[in-house]
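Enquirer: Dropping a structure here in structure tokens format, bear with me for questions.
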Amino acid sequence: MEKTEKVIEKKNTEKKSIAKKIFDVVFWVVIIGLAIIWVTDFINVQNDKDPIFCISQKTHTFDDGTVEECVGLGYKVYDYNRTSLSYGRQFGPFFIGMKEN
């Protein structure tokens, strides 16, 4: 009986090891993918281009112009087209707010 128990335990350990390896690969693919998305949109904003990976876009209208808001995966981009503000484009984490003044 001991031999059978050891074989079963070894098989369970092998299954856990394979599942852990699969999880590790998927985890790192997701992390690297997010990093590529963030860097790509950051470089686009720095080069005064539109971000590519927007999940949602909104246009905020004011008396003196508009502000385009792009929400991405963990970040926001604001494009200020207002006469009272001269910020241009702003890239930051998802919790930043739009500049009002």
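Enquirer: Grab the DSSP H runs of the chain that are 4 residues or longer, score each as -39,500 (n - 2.57), total them, divide by all residues and round the 222 nm result to the nearest 500 deg cm²/dmol. Walk me through the numbers before you get to the answer.
Expert: On the way: 1 runs with 45 residues, N = 101.
Rounded to the nearest 500, it is -16500 deg cm²/dmol.
Enquirer: Amide H of residue 92: which non-local residues (sequence gap of 5 or more, or other chain) have their own amide H closer than 5 Å, using H built in the peptide plane?
Expert: 76
Enquirer: Would you mind telling me the share, in percent, of accessible area of the chain contributed by carbon and sulfur at probe 1.4 angstrom? Each step should come with its number before you reach the end.
Expert: Values: 4780 of 7750 Å².
Heavy-atom surface of the chain belonging to carbon and sulfur, 1.4 Å probe: 62 percent.
Enquirer: Still on this structure, please answer the following. Using modelled backbone amide H atoms (1.01 Å from N, in-plane), which distant-in-sequence or interchain residues come within less than 5 Å of residue 82's amide H?
Expert: Answer set, sorted by chain and number: 66.
Enquirer: Shifting gears a bit: Short version: ³J(HN,Hα) in whole Hz for each residue of segment 52-59, in order, from phi by Karplus 6.51 cos²θ - 1.76 cosθ + 1.60 (θ = phi - 60°), x for Gly and Pro, what are they?
Expert: 8, 9, 7, 7, 9, 10, 9, 10
Enquirer: On a 0 to 90° scale, report how tilted helix 2-46 is relative to the longest principal axis of the chain, with both axes built from alpha carbons and the result rounded to the nearest 10.
Expert: Once rounded, the angle reads 10 degrees.
Enquirer: Further question: Residue by residue through segment 62-79, which ³J(HN,Hα) values in whole Hz follow from phi under the Karplus form 6.51 cos²θ - 1.76 cosθ + 1.60 (θ = phi - 60°), with glycine and proline marked x?
Expert: 10, 5, 9, x, 10, 10, 8, 10, 10, 9, x, 7, x, 8, 10, 10, 10, 10
Enquirer: With a 10 Å radius around each residue's Cβ, average the other Cβ atoms per peptide and rank 63-76, 34-47, 85-98, 17-30, highest first. Before the final figure, lay out each step's value.
Expert: Working: 63-76: 15.7, 34-47: 14.1, 85-98: 12.4, 17-30: 10.0.
So the order, starting with the most tightly packed, is 63-76, 34-47, 85-98, 17-30.
Enquirer: Could you work out the relative contact order of the chain? I mean the mean sequence separation of Cα pairs under 8 Å and 6+ apart, divided by the number of residues, in percent.
Expert: Working: 111 pairs, mean separation 15.6, N = 101.
Once normalised by length, the contact order is 15 percent.
Enquirer: What is the P(r) of the chain, as percent of Cα-Cα pairs per 10 Å bin from 0?
Expert: Taking every Cα pair in the chain, the percentages come to 14, 31, 18, 11, 10, 9, 5, 2, 0.
Enquirer: Run the 1.4 Å probe and let me know the accessible area of residue 49, rounded to the nearest 10 Å².
Expert: Approximately 120 Å² for this residue.
Enquirer: Provide the per residue accessible area, probe 1.4 Å, for the chain, rounded to a whole number of square angstrom. Numbers along the way, then the final one.
Expert: Working: 7750 Å² over 101 residues.
For the chain, the per-residue accessible area is 77 Å².
The values are calculated or read from the model by the stated rules, or taken from the named source; none is laboratory data. Nothing here was measured: the structure is a model prediction, and the numbers come from that model. Glycine gets a Cβ as well: all are built from the backbone with ideal geometry, and neighbour counts include every protein chain shown. Calculation scope for accessible area: heavy atoms of the full protein, side chains included, ligands and nucleic acids excluded. Shrake-Rupley method; radii C 1.70, N 1.55, O 1.52, S 1.80 Å.
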